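Read the structure below first, then the notes.
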Amino acid sequence: MLAVLALLVLPGCTSIGDFGRLADPLATDDIHAWVGEEAAASIGAPISADNLTGDEQTLRDLAFPLIEPPYDRIRWDAVVYEYGTKPSFQRKLWTFDRTAYYRHLQAEMLRSSAARYNQLIDDIRDDIVRVAPFFVVARRVIDLDRRREASMAQIGDLTPAERVNAQARIGENGLTVAWVDKSLSERCASYRYALEHLAVAEPQTVAADADRVLTELQQQIAANQVVVVGPRIAAVPAAVAIAK
């Protein structure tokens, strides 16, 4: 990791690729594996030692940009954030302040009120295009977890470790989906706060456009509520990875 970070300080080097995501050489298949583990650890749930399936990796990859603050999407140290190795970042993910987005919007080097509104609209639209792909994968993962549970009920010679790891992974997956749902709800509250306060401090006709795209985001979230299921957590000591 230190070698990777050293490369980032070289002139002309950046960790950012297209669409604000990490450049390919810095990304690995399990770059966001920590998302599910952090979701489980946050409530003291067990962490599975099983390998992630392709869909489970994708679920975590698509979850990350929906839980990181919009203003953290493009950073020089994005590689540290993407790997979830910065403690201050992880703590911030669980701390909600609906005024924070508005403060960042006002602090950015934006030259006009129109630019601030446009940034708000762009950030909301970025979330809109991410919501559907995430929940498509979430539906598939949850369905496969139900099939996994059915298979476990039919297999009598599973070891305790196999059973607990499978149950813990089901919990991680459900908690990851629930985390994204919680984050999206909080983001909408932050966007609404920013829009309302911009409308008072710097009224512009473009505020109506911002309100429309925010309503679209809220409608997409509401349409996918059925996907958010209560996580089923294995009854074992908290935050323990079970060896295979």
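Worth pointing out:
- Of all residues in the stretch 154-178, those satisfying the criterion of being among the acidic types (Asp, Glu) and part of a helix (DSSP H, G or I) are GLU162, GLU172.
- Of all residues in the stretch 39-56, those that are assigned to a helix (DSSP H, G or I) and surrounded by fewer than 20 Cβ atoms within 10 Å (Cβ to Cβ) total 3.
- Which listed residue is over 28 Å from ARG116 (Cβ atoms) and exposed (fewer than 14 other Cβ atoms within 10 Å of the Cβ), from THR176, THR159: THR159
- The number of residues in the stretch 185-244 that are at pLDDT 95 or above and either under 18 Å from GLY36 (Cα atoms) or of a type in the set (Ser, Thr, Tyr) (or both) comes to 5.
- Restricting the stretch 201-230 to residues that are small (Gly, Ala, Ser) and touching a residue at least 12 places away in the same chain (Cβ under 8 Å) leaves a set whose member that is surrounded by the most Cβ atoms within 10 Å (Cβ to Cβ) is ALA210.
- Test result for VAL137, within 14 Å of TRP179 (Cα to Cα) and at pLDDT 90 or above: no
- Restricting the stretch 107-119 to residues that are in a helix (DSSP H, G or I) and of a type in the set (A, V, I, L, M, F, W, C) leaves a set whose member that is nearest to the chain's Cα centre (by Cα) is ALA107.
- The listed residues are ASP122, ASP143, ASP127, and the only one of them that is under 17 Å from the mean Cα position of the chain (by Cα) and part of a helix (DSSP H, G or I) turns out to be ASP127.
- Scope the stretch 93-106; condition farther than 22 Å from GLU216 by Cα, among the polar types (S, T, N, Q) and outside any helix (DSSP H, G or I); matching residues: THR95
The values are calculated or read from the model by the stated rules, or taken from the named source; none is laboratory data. None of the values given here were measured: they were computed from a predicted structure. Neighbour counts are summed over all protein chains in view; Cβ atoms, including those assigned to glycine, are modelled from backbone coordinates with ideal geometry.
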